[in-house]
Amino acid sequence: VNFIRFRMDGRELSGVGRDAWAMAELVKAGAEGCTPITHVGPRWSAYVRKWRVRGVSIETVHETHGGAFAGRHARYVLRSSIEVIETKTAPAAGNAEAA
C-alpha cells in the first residue's frame, strides 16, 4: 500500500508512501499490533509519530526479546477507531504491465 485514505472522528485523513504502508499494517494487525520484527520497516517510530501528530491514537508497548541480539523493541497498536475509505498499491518496479 502506498496510499491510504480513512475517516476518523468525523474527518478524513490520508497518507502516502511508508506512512500509508504503516497505517495499513496497523489496521490489518488489529489488537495484536505491529513490531519492527514482525512487520519489517526501517523507521516505525517515525511513521507512528507522524500519525500521532495528526491525532491518531497509537499505543507503544515495550517488550523484551531474546536471541543473539537480545534487547527491547516496541509493539505499536492502533487505538483510534478508523474506517478505511481507499487504498492504492503501486505496481512493482520493473513490472512490464505497469508501462
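In this structure, does R5 turn out to be exposed (fewer than 10 other Cβ atoms within 10 Å of the Cβ) and assigned to a strand (DSSP E or B)? No, not satisfied. Among the residues of segment 8-47, those that are within 11 Å of the chain's Cα centre (by Cα), closer than 18 Å to H62 by Cβ and open to solvent by 30 Å² or more (accessible area, probe 1.4 Å) comprise P36, H39, R43, S45. Given the residues E59, E63, which is the only one that is more than 16 Å from R79 (Cβ to Cβ) and either in contact with a Gly (Cβ under 7 Å, 6 or more places away or on another chain) or among the acidic types (D, E) (or both)? On inspection, the qualifying residue turns out to be E63.
For segment 8-26, the set of residues classified as in contact (Cβ under 8 Å) with a residue 60 or more places away in the chain, assigned to a helix (DSSP H, G or I) and within 17 Å of V77 (Cβ to Cβ) consists of A24 only.
The values are calculated or read from the model by the stated rules, or taken from the named source; none is laboratory data. Just so it is clear, the model here is predicted, and its values are computed rather than measured. Virtual Cβ from ideal backbone geometry, glycine too; neighbours counted across all protein chains shown. For accessibility, only protein heavy atoms count, side chains too; no ligands or nucleic acids. Shrake-Rupley method; radii C 1.70, N 1.55, O 1.52, S 1.80 Å.
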